[in-house]
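Step one of this worksheet: look at the structure below.
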C-alpha cells in the first residue's frame with residue numbers, strides 16, 4: 001500500500017472525531033428511552049467500558065506488528081480461513097459506513113433540507129468522502145488538525161449558551177428505577193461508537209511512534225467519551241428525559257433552544273456544523289479502511305480504483321437499510337449491540353489468539369533452525 | 001422516468017471504468033483489472049435494480065433474524 005503515515009496527535013484527533021461523529025445524533029434518545037433521567041450515568045459506564053476495550057485493542061495492535069488487521073488475519077490463519085473471517089469484518093465495516101451515511105442523510109432531510117431526496121444528499125456527501133479517501137490518510141490527519149479547533153469552539157459555544165436553560169430538577173430522582181435500566185442502556189453506547197473503534201486496527205500501522213500512539217488512542221477515546229457524555233447530559237438537563245426520548249435528533253433540538261439575550265437565535269445550523277464535520281471524518285475513516293481492506297483482501301497494489309465502485313454499493317445499501325424510523329430505532333437499540341460485539345470484540349479476540357499461536361510456532365521454527373545450524 | 005436513472009447509472013459506471021482502466025493497465029496486473037471489473041459490475045447491477053424499484057433484500061434483515069435466533 002502507499003507509504004503514508006500520520007503523527008500520534010493527528011491520530012488522537014481522528015479518534016475523537018470518530019467517537020463523536022454520528023453517535024452525537026443517535027445516542028441520546030435510545031438512552032433516554034431506557035434509562036430516563038439517569039442516561040448520563042449509563043453513558044459514563046459505557047465510556048469506562050470503551051477505555052477497557054481500547055486497552056485490549058492496543059494489545060491486539062501490538063501483536064499485529066505493523067500489519068493492518070486484514071494482513072495480520074491472513075498471516076495468522078492462512079489464505080482461506082483468514083479470508084473467511086475477513087469477509088465478516090469487511091462486511092461489518094461496509095454496513096457501518098452505509099448506516100453512518102444514512103444518519104447524516106436522515107439528519108439533513110428531517111432538519112435542514114427536507115425537500116431534497118435522500119439519494120442526492122447521500123451522493124453529494126459521499127463524493128466529498130471519496131475525495132478525502134482518495135487523497136489518503138495524511139491529508140485526513142492534517143485536516144483533522146485544522147478542523148479540531150472549530151469543533152471545540154462550537155462545542156464550548158453550545159455549552160455556555162445553554163447554561164441559562166439548564167433545569168437541574170430534570171436529573172432527579174437519581175437512580176429512581178435502580179441500576180438495571182442504567183446498565184442495559186449503557187450497551188447502546190458501547191455498541192455505538194466504542195465497539196466500532198475496532199476500525200482503527202486498520203489505521204494504527206500507519207501511525208508513527210509506537211510508544212505514544214497507544215496513549216493517543218486512549219486519550220482520544222476519553223475525550224470523545226466526555227464530549228458525548230456532556231451532550232447527553234445537556235439534552236436531559238434542558239429538554240428533560242421525555243422530550244429527549246421523543247426526538248429523533250435531540251442534540252439538534254437542544255441547540256434550537258439557544259437564545260442569547262433575546263437577540264441571537266437560530267444558531268442550531270452553526271451547531272449543526274459540528275455534526276457534519278464529525279460525521280465527515282467518521283465516514284472518511286470508515287471509507288478509507290474499507291477500501292484499503294478490500295484492496296489488501298484481493299492483494300491489489302492500490303486501493304484508489306476501488307473507491308468509486310464501492311461508493312455505488314454503499315449508496316444503495318444506505319437507501320435500503322432502514323425502511324422506516326421504527327426499524328431504525330429497534331435496530332440501533334437491540335440488534336446493533338450483539339452485531340458490533342461479535343465483530344468488535346469476539347473477532348479481534350480470535351485474531352489475537354491466532355497471532356500469538358502463530359508467533360510461538362514461528363519462534364520454535366527459528367529455534368530449530370538455529371539449533372540445527374549450530375550442531 | 002426510472003429508465004433514465006438506470007441509463008444514468010450505467011453511464012456513470014462506464015465513466016468510472018474509462019477513468020480507472022488506464023491506471024490499472026499501467027500496473028499491468030491482470031488480476032487487479034478483473035477484481036475491479038467484477039466489483040464494479042456487481043455494484044452497478046445492484047444500483048440499476050434499485051433505480052428500477054426492484055425490492056432488494058436488506059442485509060440488516062438477515063442480521064436481525066440471525067441474532068434473534070441466537071439470543072432467543
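For the reader, a short list of remarks on this structure follows.
- Taking the listed residues B:55, B:35, the one that is under 29 Å from residue A:338 (Cα atoms) and either without any contact (Cβ under 8 Å) to a residue 24 or more places away in the chain or touching a strand residue (DSSP E or B) at 6+ places or on another chain (Cβ under 8 Å) (or both) is B:55, with no other qualifying.
- Candidates A:87, A:81: the one that is more than 27 Å from residue A:325 (Cβ to Cβ), exposed (fewer than 14 other Cβ atoms within 10 Å of the Cβ) and modelled with pLDDT under 90 is A:81.
- Qualifying residue in the range A:230-237 (condition: touching a residue at least 60 places away in the same chain (Cβ under 8 Å) and closer than 30 Å to residue A:293 by Cα): no
- Residue A:301 vs. criteria over 22 Å from the mean Cα position of the chain (by Cα) and farther than 27 Å from residue B:39 by Cβ: no
- Being within 14 Å of chain B (Cβ to nearest Cβ) and either more than 19 Å from residue A:102 (Cβ to Cβ) or not in a helix (DSSP H, G or I) (or both) is not true of residue A:243.
- A residue that is surrounded by fewer than 16 Cβ atoms within 10 Å (Cβ to Cβ) and at negative phi can be found somewhere in the range A:232-253.
- Every condition in (1) touching a residue at least 24 places away in the same chain (Cβ under 8 Å); (2) surrounded by fewer than 23 Cβ atoms within 10 Å (Cβ to Cβ); (3) more than 20 Å from residue A:16 (Cβ to Cβ) is met by residue A:185 except one, and the failing one is (2).
- For residue A:177, the conditions (1) in a helix (DSSP H, G or I); (2) in contact (Cβ under 8 Å) with a residue 12 or more places away in the chain; (3) surrounded by fewer than 21 Cβ atoms within 10 Å (Cβ to Cβ) are fulfilled apart from (1).
- Condition check for residue B:24: surrounded by 12 or more Cβ atoms within 10 Å (Cβ to Cβ) and under 19 Å from residue A:316 (Cβ atoms): no
- Selection status of residue A:147, part of a helix (DSSP H, G or I) and surrounded by 19 or more Cβ atoms within 10 Å (Cβ to Cβ): no
- Any hit, the range A:194-213, residues being modelled with pLDDT of 90 or more, within 21 Å of the chain's Cα centre (by Cα) and surrounded by fewer than 19 Cβ atoms within 10 Å (Cβ to Cβ): no
The values are calculated or read from the model by the stated rules, or taken from the named source; none is laboratory data. Fair warning: this is a prediction, and the values are worked out from it, not measured in the lab. A quick note on method: Cβ atoms are made from the backbone with ideal geometry, for glycine too, and the neighbour counts reach across all protein chains shown.
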